[in-house]
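The values are calculated or read from the model by the stated rules, or taken from the named source; none is laboratory data. Nothing here was measured: the structure is a model prediction, and the numbers come from that model. With ideal geometry, Cβ positions are generated from the backbone for all residues, glycine too; neighbour counts draw on all protein chains shown.
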Amino acid sequence: MQPAKKDSPAAVPQTVLNAVATGFLIRAAWILLLHTYRFRVTEDHFAFGYETGRIARALALGQGFSNPFHGITGPTAWEAPVYPYLLALVFKLTGVYTPLSAILILAANSLLSALTALPVYLAAKKLFGPRTAKWSAWAWALLPYTMYWAARWVWETSLTTFLLTTAFWLTLELADATGKRALRLWLWFGFLWGVIALTNPTCLTFLPFAGAWACRRLARRKERWLLPAISSALVFGAVITPWEVRNFVVFRAVVPIRSNAGAELRLGNSADASGIWMAWLHPTQDVLQMRAYEQMGEIAYSGMRGREALDFMRRQPGLAAALLLEKFIYYWAGVPRSFEMWWQAVVKDPVFPASAILAWWGLGLMLLRRVRGSAVFAMLLFVYPLSFYVVYPHARYRHPIEPVMLILIVYLLSQTRELRGGEAAPATEDHPYT
């Protein structure tokens, strides 16, 4: 008689798989019943994926990774490559800007969104046990606000969310992995972060903190960490190097994944900024900006716009600091329209600020009780949004960390009875996950 096999650390019960399937079916029904696949046809279907859609169209038509705006403007690195190539594949299969291509790409988004319940479950189970993990997975699958970007936007948001949540869980796994499994996990860690970098490089702010935390945990347990970490870094470099080489060959300049950092910085920083995206200064909305982009070229144009933003920050540091505070509030409480005040956005969508309050409350409780993994949660919530405070906030920019926020909310709610009873969870001064 063979001994029973132990459950794998990544084992997933049927109920969580049911949550994934249910979440996907609900998202798919949203697409079909609400006709979210019908995008505006004005501006030559620009609303179908915006810059990503334009680049995907160029790829599908054999023009290379190019033309992110209107017309033929040449090679680009305005967007990271993974999602445009995915959309280009859809265009090749079902036609450029067709209803069927819209249904297919939104369905792919929805599948990625539903699959995010898996790393949500695995991360929550590792720290809080199966009950909290199951509730977290089902909450992600069923809550309407988790579905919006997948069912309505042709963008990399759902892919980024799935990848970043998986990276978060993998970070937790690295802390107690040993032997050959540890090396495998480190190699997957490097590969995953390479894909994340080529999907949404703003996520990279979390990478050094996640890696350093895992290395520190292993060092405290006197486990090998240096060679596995170096191997992981080499895999990461191998994944992103071809794209970096392509950018250097095309632009004769070092372009760190995307070329538009300076342009994005300028769209959120000037004397007439109000803490939100100044869309009217974007090349797709302003004839003069489009003309400058065409005449100067992408790299020079983005560099010029970045220098304008930095010059404003140097000349008016007080106003720049006030804008930073506004962006911080908008990131967590909700972004108002240009004619609204911040409190109007809160009233219009109370779920957005309420979820932030509950998530931070849950994090505070974890830190107070020194619950294992609390440092990783804190690093993600503190570090990931920093670039958006500097550039500008958007509701979509918070979505990649909302699975982790949801875990914190479910953890907080699971402690409600204990809090009412006045009981304190046992604190551990030197827990290997803290």
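Can you tell which of Arg54, Arg27, Arg38 is on the phi < 0 side of the Ramachandran plot, under 26 Å from the mean Cα position of the chain (by Cα), among the basic types (Lys, Arg) and assigned to a loop (DSSP other than H, G, I, E, B)?
Of Arg54, Arg27, Arg38, the one residue that is on the phi < 0 side of the Ramachandran plot, under 26 Å from the mean Cα position of the chain (by Cα), among the basic types (Lys, Arg) and assigned to a loop (DSSP other than H, G, I, E, B) is Arg38.
Quick one: is Trp155 hydrophobic (A, V, I, L, M, F, W, C), outside any helix (DSSP H, G or I), at pLDDT 95 or above and within 28 Å of Tyr50 (Cα to Cα)?
yes
Scan the stretch 382-394 residue by residue and report those that are outside any loop (DSSP other than H, G, I, E, B) and either in contact with a Phe, Trp or Tyr (Cβ under 7 Å, 6 or more places away or on another chain) or surrounded by 21 or more Cβ atoms within 10 Å (Cβ to Cβ) (or both).
Passing the criteria: Val383, Phe388, Tyr389.
Looking at Glu308, is it in a helix (DSSP H, G or I), touching a residue at least 60 places away in the same chain (Cβ under 8 Å) and surrounded by 13 or more Cβ atoms within 10 Å (Cβ to Cβ)?
no
All but one of (1) charged (D, E, K, R); (2) on the phi > 0 side of the Ramachandran plot; (3) crowded, with 19+ Cβ neighbours inside 10 Å hold for Lys222, so report the exception by its number.
Failing condition for Lys222: (3).
Within the stretch 175-194, which residues are surrounded by fewer than 18 Cβ atoms within 10 Å (Cβ to Cβ) and more than 15 Å from Arg224 (Cβ to Cβ)?
Trp188, Phe191
Of the residues Ala47, Ala80, Ala11, Ala21, which is within 30 Å of Gly129 (Cβ to Cβ) and either at pLDDT below 95 or part of a loop (DSSP other than H, G, I, E, B) (or both)?
Residue meeting the stated conditions: Ala11.
Looking at the stretch 92-140, which of the residues that are among the polar types (S, T, N, Q) and crowded, with 19+ Cβ neighbours inside 10 Å is nearest to Leu25 (Cα to Cα)?
Once the filter is applied, the top-ranked residue is Ser110.
For the stretch 236-280, give me the residue count where each residue is in contact with a helix residue (DSSP H, G or I) (Cβ under 8 Å, 6 or more places away or on another chain) and within 16 Å of Pro68 (Cβ to Cβ).
Count: 10.
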